[in-house]
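In what follows, a single structure is set out as structure tokens and then discussed.
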Amino acid sequence: MPEGLIAIADALPYLLQGSVVTVIVVFGAMGLGLILGVPLAVGQVYGRPALRRAIGVYVWFFRGIPLLVLLFLFYFGLCTALDVNLSAFTVAIIVLGLISSAYQSQIFRGAILSLPEGQLKAARALGMSDFKAISFIVLPQALRLAIPGWSNEYSIILKDSAVTYALGVAEIMARAHFVATRTYQQLPLYFTAGVIFLILTWMGTRGLRVLEEKVRIPGYSQHGA
Amino acid sequence: MEEWLYIQNEVYPALLKGFWVSLALIVPSAIFGLVIGIIVGVLRVYGNRPVMAAANAFVVLFRGIPLVVQLFIWYFGLPYIKIYLAPFVAAVLGFSLCSGAYHSEYVRGALMSIRRGQMLAAQSLGFSKVKMIFSIILPQAIRRALPGCGNEIIYLIKYSSLAYMITCVELTGEGKILASNSFKYTEIFLIIGACYLAMTSVASLLLSRVEDRLRLPGFEHQRI
């Protein structure tokens, strides 16, 4: 299929521009998920029962509803109902970020719970406030432990970001579909899109493994229990 | 009152129809996915070199490529080589293969966690390799893989909404059509979200029931 190869060669720069969009969406969503996920996790571990229950409902909501439904709900529904004018790109980042915050909060919760309890007690014995103990003693250790879970989350969000095509975000999948319907070279183009996603997954998990090595504290690799 | 009539006469029947389509997508995909996962998982652990390599490549491809892209390949891509699939068939095929790849990871982990002694004992009793795998190792491994596989089935319920993108009109698709006609996007997608929440909650309840039912007394804490 030389035609297929020509179509791929022609479309490749256009698809790679789409991968920039994909990467921005994924980074934005993971950043938002991190900013929301850490306080959610801390609240779920150390909060009052009412707060814990509220966070439980939040997590249940965002983990139980499909991404596509949430995208439609936010983009077509809530944006119109509340009369805010957001681009599909922004909504994609927000929705993916909210879903990711629910998943990330569970990753961080597991990491916090896996720390020996003595750490918090020792910090209190030294006269640290709870806030200080959590932010200077618990979180620096827990966030390091959470990196493997985070790398899983990255590969999930990366793949989920392809769904934002449904709103018309010009990411890899949308562009592949656009070129495919024009050139009728569907199979080669979708396959190329798939390969670009594979490469992005591989690069991301590789990068996170390097980060894990970089931030490791010597002597603390085995939870230091 | 008008709102209520609208819900009763239009929303309810349409969503019910969509719900059955969703269910018709999810149940076979979950079953095929599990079967594929068990077969691929076994091949990845006990297969000979080329089989193992092929099974691993299958998993890398189907876990690494987004499900949307896979669905598009099955539905829009295959006609390129003169294979035409109905949207429903393409969706079930895509869901089964993708979730099979994920299931195989859990099955593989569970198979490797079964103590070597079990295998040696079976061999010393004269079991053939196939018989050993199917009557000694797998029954234990599947029980250990169940929590992971259950999660995967929950994911499948949510990802079944992607069938809408290859024109298989299920719950989400019916909702989109309704909402586009009435412009009641918020209400309708909230209802649909509630349907999915109900499905995932019921499924996780059922799965933990199954886990309890299959538990073998005395086999709970057998590590190492």
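Among the residues of the range B:175-218, the ones that are more than 12 Å from every other protein chain (Cβ to nearest Cβ) and either among the polar types (S, T, N, Q) or touching a residue at least 60 places away in the same chain (Cβ under 8 Å) (or both) come to 8 in all.
Residue-wise test of (1) surrounded by 13 or more Cβ atoms within 10 Å (Cβ to Cβ); (2) not polar (S, T, N, Q).
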site: B:N181; (1), (2): no, no
site: B:K184; (1), (2): yes, yes
site: B:F189; (1), (2): yes, yes
site: B:S204; (1), (2): yes, no
site: B:G218; (1), (2): no, yes
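For every residue, the table says whether it meets (1) modelled with pLDDT under 90; (2) of a type in the set (K, R); (3) surrounded by 22 or more Cβ atoms within 10 Å (Cβ to Cβ); (4) under 30 Å from A:Y46 (Cα atoms).
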residue	(1), (2), (3), (4)
A:A125	no, no, no, yes
A:Y165	no, no, yes, no
A:F191	no, no, no, no
A:L198	no, no, no, no
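If you filter the range B:169-223 down to residues that are charged (D, E, K, R) and not in a helix (DSSP H, G or I), you find that the one that is farthest from the chain's Cα centre (by Cα) is B:K184. So for the range B:6-19 (the condition being of a type in the set (S, T, N, Q), out of contact with any Pro (no Cβ under 9 Å at 6 or more places or on another chain), under 16 Å from B:V169 (Cα atoms) and in a helix (DSSP H, G or I)), does at least one residue qualify? No, there is no match, as no residue in the range B:6-19 is of a type in the set (S, T, N, Q), out of contact with any Pro (no Cβ under 9 Å at 6 or more places or on another chain), under 16 Å from B:V169 (Cα atoms) and in a helix (DSSP H, G or I).
The sole residue among A:K159, A:K132 that is under 14 Å from the mean Cα position of the chain (by Cα) and at pLDDT 90 or above is A:K159. Close contacts from the range A:145-159, counting a first residue that is within 11 Å of chain B (Cβ to nearest Cβ) and on the phi > 0 side of the Ramachandran plot and a second that is of a type in the set (G, A, S) and surrounded by fewer than 22 Cβ atoms within 10 Å (Cβ to Cβ), with Cβ to Cβ under 6 Å and a gap of 6+ residues or different chains, come to none at all. Against the condition surrounded by fewer than 18 Cβ atoms within 10 Å (Cβ to Cβ), within 14 Å of chain B (Cβ to nearest Cβ) and of a type in the set (G, A, S), how does A:G118 come out, does it pass? Spelling it out, it is not the case that A:G118 is surrounded by fewer than 18 Cβ atoms within 10 Å (Cβ to Cβ), within 14 Å of chain B (Cβ to nearest Cβ) and of a type in the set (G, A, S).
Among the criteria (1) away from chain B (no Cβ under 14 Å); (2) over 25 Å from B:Y159 (Cβ atoms), the one A:V84 does not fulfil is (1). In the set A:A176, A:A170, only one residue is assigned to a loop (DSSP other than H, G, I, E, B) and within 18 Å of A:V23 (Cβ to Cβ); that residue is A:A170.
The values are calculated or read from the model by the stated rules, or taken from the named source; none is laboratory data. In this text, all values refer to a predicted model and were calculated from it rather than measured experimentally. Don't worry about glycine lacking a Cβ; one is built from the backbone with ideal geometry, like all the others, and counts go over all protein chains shown.
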